[in-house]
1. How many residues does segment 79-107 hold that are within 16 Å of ligand 1 (Cβ to nearest atom), closer than 16 Å to Tyr38 by Cα and open to solvent by less than 30 Å² (accessible area, probe 1.4 Å)?
2. Give segment 40-54 a look and list any residue that's open to solvent by 60 Å² or more (accessible area, probe 1.4 Å) and either closer than 19 Å to Lys91 by Cβ or of a type in the set (Val, Ile, Thr) (or both), or say none.
3. Considering only residues that are free of Cβ contacts under 8 Å to residues at least 40 places away in the same chain, more than 12 Å from Phe18 (Cα to Cα) and within 13 Å of ligand 2 (Cβ to nearest atom), which ones fall in segment 145-177?
4. Which one is farthest from Ser16 (Cα to Cα) among residues in segment 114-144 that are under 22 Å from the mean Cα position of the chain (by Cα) and of a type in the set (Lys, Arg)?
5. Looking only at segment 164-177, which residues are assigned to a helix (DSSP H, G or I) and open to solvent by less than 80 Å² (accessible area, probe 1.4 Å)?
6. Search segment 84-124 for residues being in contact with a Leu (Cβ under 9 Å, 6 or more places away or on another chain) and small (Gly, Ala, Ser), and hand back the single one that is farthest from ligand 2 (Cβ to nearest atom).
7. Taking segment 110-163, which residues are over 27 Å from Ala48 (Cβ atoms), open to solvent by less than 20 Å² (accessible area, probe 1.4 Å) and not in a strand (DSSP E or B)?
8. Going through segment 194-204 one residue at a time, which ones are assigned to a helix (DSSP H, G or I) and either touching a residue at least 60 places away in the same chain (Cβ under 8 Å) or of a type outside the set (Val, Ile, Thr) (or both)?
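The values are calculated or read from the model by the stated rules, or taken from the named source; none is laboratory data. Treat the numbers as computed from the prediction; the structure is a model and nothing was measured. Cβ coordinates were reconstructed from backbone atoms using ideal geometry, including for glycine residues, and neighbour counts include every protein chain displayed. Please note that ligands, DNA and RNA were not included when accessible areas were found on the heavy atoms of the full protein model with its side chains. Shrake-Rupley method; radii C 1.70, N 1.55, O 1.52, S 1.80 Å.
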Amino acid sequence: MKGKQMEKKGILTVVSGFSGSGKGTIMKQLIEEHPDTYALSISATTRAPRTGERHGKEYFFVSAEEFEQMIQEGELIEYAQYVNHYYGTPKDYVQKQLEQGKDVILEIEIQGALKVKEAYPDTLLLFVSPPSAKELKDRLVGRGTEEESVIDMRLSRAWQEAQGVENYDYFVINDDLSECVQQVHSIIQNEHARVGKNQVLIETIRTELKRFAKGE
Ligand code: ADP
Ligand code: 5GP
């Protein structure tokens, strides 16, 4: 096996962003374009499915009792409350995919992002934003999946989330969708070149060079 392949470990990336910024749309396109590279974690939530959403595809839709049981049994890497509902990341899938070398993406809100970073300090944190607040509101209204009162709560939550952007590594603007998907892909793939992610290969080359230096 070539060294580069031997080294490949999955990168864990958290993608956050205001509701309506386009995270779901970006992730869908990213995974369609690179199905063998990425694995998107499927969260559990107590909110109701939107039209077209299926259990086990967009989310595992569970009751509050079931969610609390998952917390108690230590099945979640993190969980948070967002506009009156629980959301959380199941641990098992994420760990298995990383071990298999997949770049795993968690599309989660900011409190969860910070908890993941604590548990896995190598995590790459990306924040997605539309080009303006007006565009955010237009996208949320245009999506047509929430009633006005819920849209208002989500916009108010967006204001709170905007205060935490400095905790992230990258701030990505989702204006032209394809450009944004390309940028997200480049940022994640560049992580594979970090020194800390190549330690085994570095040690192998050191050992080989030492043999050369000794004239072997
Ligand atoms: P999120 O997952 O962040 O809540 P969505 O992916 O559901 O956001 O996107 C919100 C709305 O904005 C959807 O109707 C989607 O089609 C639209 N949208 C996403 N990206 C763009 C973009 N680059 N330009 C215009 N509209 C977009
Ligand atoms: P939505 O209801 O629009 O699908 O998601 C609402 C918010 O919850 C979004 O910001 C989304 O990123 C976040 N979210 C989705 N899954 C999780 C999760 O497992 N954990 C946390 N902390 N947030 C999540």
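1. 2
2. If the condition is that a residue be open to solvent by 60 Å² or more (accessible area, probe 1.4 Å) and either closer than 19 Å to Lys91 by Cβ or of a type in the set (Val, Ile, Thr) (or both), then Thr51 is the only one that fits.
3. Matches in segment 145-177: Glu146 only.
4. Arg143
5. Val165, Leu177
6. So the residue we want is Ala113.
7. Correct list: Thr123 only.
8. Correct list: Gly196, Lys197, Asn198, Gln199, Val200, Leu201, Glu203, Thr204.
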